[in-house]
Amino acid sequence: MTFSHKIGLYDVQGPVPVVKNVFIPPDSEEDGLAVALEDAMPLLSFLALVDTCKDQIAAALDTLRPTSSWERGAASGQEADTVLLGGRGFGTAMSSLIDYLSSEYGSTFALARVFAFLSGAPDYGDGQLDTRRYGEQYASKGEDADLALLPEQIPFYRDLAAVAVQAGVCVDIFAVTDEYTDLASLKFLSIESGGSLFLYANADDSTLPQDIYRLLSRPYAFGCVLRLRTSPDFEPGHSYGHFFPDPQYENVQHIICCDSFATYAYDFDFTHADGFSRHTEPAVVQIAFQYSVIEPVEVASGNGPQSYPRFCLKRRLRIRTLQYRPANNINEIYDSVDQEAVLHILVHKVILVSLENGVREGRNSVHDWLAILITRYNDALRSDPRTPESHIDIDFSQCPHLQMIPQFVFGLLRSPLLRLHEEGIHPDYRIYLQCLFSSLEPSSLAKAIYPLLISYSSPNKQAFPRHTLSRAALTMSESPIFLLDAFTNLVVYYSSTADPSLPFPPPHDCLLRTTINALKQDRCITPKLMIVRGGQDDSSLFENYLIEEQDVDGSGYASGNGFISFREGIRNEVAEILKEESGS
């Protein structure tokens, strides 16, 4: 199905693809299409098996061409030379498609997945989005662009997602554009219908084909219900993830569609001020997950031993009960904390703060959170009389499980998620990262926020498993090869001083290449791989990830000692808080 100023329905079941066109009214005030899609082409004529119609589908794709300004002008009743580029009637097309599919929900299909491809903002028919809000007008009006560009313009796509859910339709959106497309409004159609949101600057060197293949090939569950219960002393507080709460029951979440990569998070509150009443009894969390899957069933044919696949719908329930021993004191909590899980909850919280109050407030909240965490940690240290009163530990030297937190927070502040509009962060890219980061599990999110840098003495031998993200670390390691894993990007960097006899690029049968292939496989999206030689190739992408020498409040290497000065700033803030609390 194609959309522009008209909807094109392709019948690919015959020997030659046939397209039926239905024109989209240009004004959203008009009531829907003049002809229902079911009347233009019965749904069962439109739906086609890939196995038997693959050649006709390919032939239909070959007939696609851009819509001319003359066609758009004729459709809208305007002169061709006065029609602006566009004519994307996406809102009307999606609304009509969902209505079209809904008649077969529960009989032909248990879940319909729609892949929607966009090259820019919808600008025709229902659900038009005004792209003029992205520009210089905020400077003249004194508005905060980081706040103004994050909310949705209109509720059209959020409302359409609710209709899609009722019709059993899950929508994945692939935006292939470097124009402002207002993903802040469009995202709800994907994430609230159980789908995903993808953004590519162009189609030439993108991972779009690989991402589509992954989505189609991995198993998924749908119609899911997730319930969390706890023992009496504590209860779920906030929940985070791409799901929505049950309108009737507490702590019950509905998930339209998910795969094994889907991640959901909760934080907890005590039910009374005393905390756990009995430290001798375990704290209990019980998770119940009910879901549907489609499984193949071999059915023997009547003509002999051959069989053909049929599918059946299965409903399953999984229950997991977990017991945890409550900590007796704060030191036991410090000894057992998972810093990647802490980062995970922190990122969810800061995304919510940014959406409600803007990116600046999100930055401030992260900064304040770190200062308070370090202050409380130093309070615990000072309970030991051997700790000098003047000593302030900002590196969690007595708590190995929190030692990466300052780097994580610094990386979060340097991330496009929290960098400001005036630094050149595109609002659509920020929205894409919000949707991606809020779906990742903790170890993947940690790489996206503070990439992993590994050194190799040769393509077959790892030198060191983790370096800080600084040029100084590269110089001090003296290793010739580095692998940087930033989750969405993998960069292999040969230093300018590397021995020329080292094979470049890394051979396909070496340890480094095996590691890269394993990282690619174990990922919900396809990371882009770049292999560069320092001093010969453009290594700016790799160098931009060396964030510890960048100024936390700006781009580039203005200060030359970014993370060091950030640490000192936090130290001074902690000292002020401790001084105020002690009354001295």
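The values are calculated or read from the model by the stated rules, or taken from the named source; none is laboratory data. These numbers were taken from a predicted model, which means no experiment stands behind them. Every residue, glycine as well, gets a Cβ built from its backbone with ideal geometry; the counts of neighbours run over all protein chains shown. All accessible areas refer to the heavy atoms of the entire protein, side chains included, with ligands and DNA or RNA removed. Shrake-Rupley method; radii C 1.70, N 1.55, O 1.52, S 1.80 Å.
General observations
- Looking across the stretch 81-101, the residues that are at pLDDT 90 or above and part of a helix (DSSP H, G or I) come down to F90, G91, T92, A93, M94, S95, S96, L97, I98, D99, Y100, L101.
- Residue check, I372 open to solvent by less than 60 Å² (accessible area, probe 1.4 Å), in the same structural domain as R571 (by the TED database) and modelled with pLDDT of 90 or more: no
- Only one entry in I525, I516 is assigned to a loop (DSSP other than H, G, I, E, B), of a type in the set (A, V, I, L, M) and within 30 Å of S260 (Cβ to Cβ), namely I525.
- Sole exception among (1) under 21 Å from the mean Cα position of the chain (by Cα); (2) modelled with pLDDT of 85 or more; (3) assigned by the TED database to the domain that holds I98 for G168, by number: (1)
- With respect to the conditions (1) in contact with a Gly (Cβ under 8 Å, 6 or more places away or on another chain); (2) open to solvent by 10 Å² or more (accessible area, probe 1.4 Å); (3) of a type in the set (A, V, I, L, M), V350 falls short on a single one, namely (2).
- Candidate set from the stretch 284-323 (those that are open to solvent by 60 Å² or more (accessible area, probe 1.4 Å) and over 30 Å from T108 (Cβ atoms)); member that is modelled with the lowest pLDDT: Q323
- Test: E281 is over 26 Å from F437 (Cβ atoms), outside any loop (DSSP other than H, G, I, E, B) and modelled with pLDDT under 90: no
- Just one of the listed residues (L189, L199) is within 15 Å of A116 (Cβ to Cβ), in contact (Cβ under 8 Å) with a residue 60 or more places away in the chain and not in a strand (DSSP E or B), namely L189.
- Single condition L502 does not satisfy, out of (1) in a loop (DSSP other than H, G, I, E, B); (2) open to solvent by 50 Å² or more (accessible area, probe 1.4 Å); (3) of a type outside the set (V, I, T): (2)
- Filter pass, L453 being part of a helix (DSSP H, G or I) and of a type outside the set (D, E, K, R): no
- Residues of the stretch 12-25 that are over 33 Å from the mean Cα position of the chain (by Cα) and open to solvent by less than 40 Å² (accessible area, probe 1.4 Å): V12, G14, P17, V22, P25.
- A single entry from S444, S397 fulfils the requirement of being open to solvent by 10 Å² or more (accessible area, probe 1.4 Å) and part of a helix (DSSP H, G or I): S444.
- Applying the condition of being open to solvent by less than 10 Å² (accessible area, probe 1.4 Å) and not in a strand (DSSP E or B) to the stretch 161-176 and asking which residue is farthest from G32 (Cα to Cα) yields G168.
- Residues in the stretch 177-193 that are open to solvent by 10 Å² or more (accessible area, probe 1.4 Å) and over 16 Å from the mean Cα position of the chain (by Cα) were compared, and the one that is nearest to Q128 (Cα to Cα) is Y180.
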